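S.K.: I'd like to ask you about the structure that follows.
The values are calculated or read from the model by the stated rules, or taken from the named source; none is laboratory data. Small disclaimer: the values here were computed from a predicted structure and weren't measured. Here the Cβ is made from the backbone with ideal geometry for all residues, glycine too, and neighbour counts use every protein chain on show.
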Amino acid sequence: MTVSAPVGVFDSGIGGWSVLREIRRELPAESLLYFADSACAPYGDRAASFVLARSLAITEWLIAAGVKALVVACNTATSAAVAELRARYDLPIVAIEPAVKPAALQSQSGVVAVLATSRTIEGNKFSQLREQYGSEVRILAQACPGLVEQVEAGELNTPATAALLRAYVEPLLAQGADTLVLACTHYPWLGECLRQIVGDDITIIDPAPAVARELRRRLADAHLLAAADTAPEVRAVTTGDPQRFLTQLHALGETSVPVSGIALHTNAELIEPGRILA
């Protein structure tokens, strides 16, 4: 494992690119390999056993591809798989989780709302966070079916997306929530639409910057930080349609990231990657 090796980042689809974006800001010299399991997206309503199996297969593939560290850029995968990943694999593993602690510290009303997938809300990680910080603030958990699909479809600020967000958020505000935690990596892409609904007085917390800072710390501790003068490479693979993923990236302002299509089975068998698109 060398300092010039890439960091692997994975999610069920395009959502985790919000984490990769923060990693690039925090660690501009690092090469990054993004894995989108688009063929199986979204993970949010999948069985925990399914998400665990996919997470293990993806991690095996990324390790075989030579990554020096792993970022689990999916709250659902964190809940279902990160404990097993850390038990099995000897490399730095950083995982995103609902930012309940900073929300509890920042809330003035004492009411915090967490926007998440159903699987994240049902998972052990969120239960632990709720138990740990629930005595300090009232925590409202809101499952948001359909939001991931809107992001995957590129519907970031449309009337349909706004209506869906409003249906989820307005009841939370009516209960006094002054802080919203985005507990799915797809949701930061809806930030503009969300801000139009909640106004400027509501705090919106995206945990991705904290993940990037933790990755810096873990790489430094392992003496794996890339040299400052390194020319980094950012590329992506997807188990879905690479042209569709490329279109999604373009919608997010990414116009120079190569994407290749792969097929990945839960036994980690890899079918030859498709041609690279740019």
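Okay, residues lined up against (1) buried (at least 24 other Cβ atoms within 10 Å of the Cβ); (2) among the charged types (D, E, K, R); (3) not assigned by TED's automatic domain parsing to the domain that holds residue 214:
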position	(1), (2), (3)
17	yes, no, no
24	no, yes, no
36	yes, no, no
47	no, no, no
63	no, no, no
73	yes, no, no
77	yes, no, no
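S.K.: For a quick check of your reading: which strands (runs of 3 or more DSSP E) sit entirely within segment 196-273 and have at least 3 residues that are under 18 Å from the mean Cα position of the chain (by Cα)?
M.R.: 234-238
S.K.: Just to be sure before I move on: is residue 85 part of a strand (DSSP E or B) and surrounded by 20 or more Cβ atoms within 10 Å (Cβ to Cβ) in the structure I sent?
M.R.: no
S.K.: Residues 103, 77, 53, 113: which one is under 27 Å from residue 201 (Cα atoms), part of a helix (DSSP H, G or I), small (Gly, Ala, Ser) and in contact (Cβ under 8 Å) with a residue 60 or more places away in the chain?
M.R.: Sole residue among the options that is under 27 Å from residue 201 (Cα atoms), part of a helix (DSSP H, G or I), small (Gly, Ala, Ser) and in contact (Cβ under 8 Å) with a residue 60 or more places away in the chain: 103.
S.K.: Follow-up question, since we're still on this one. Looking at this structure, is residue 119 out of contact with any helix residue (DSSP H, G or I) (no Cβ under 6 Å at 6 or more places or on another chain) and not aromatic (Phe, Trp, Tyr)?
M.R.: In short, no.
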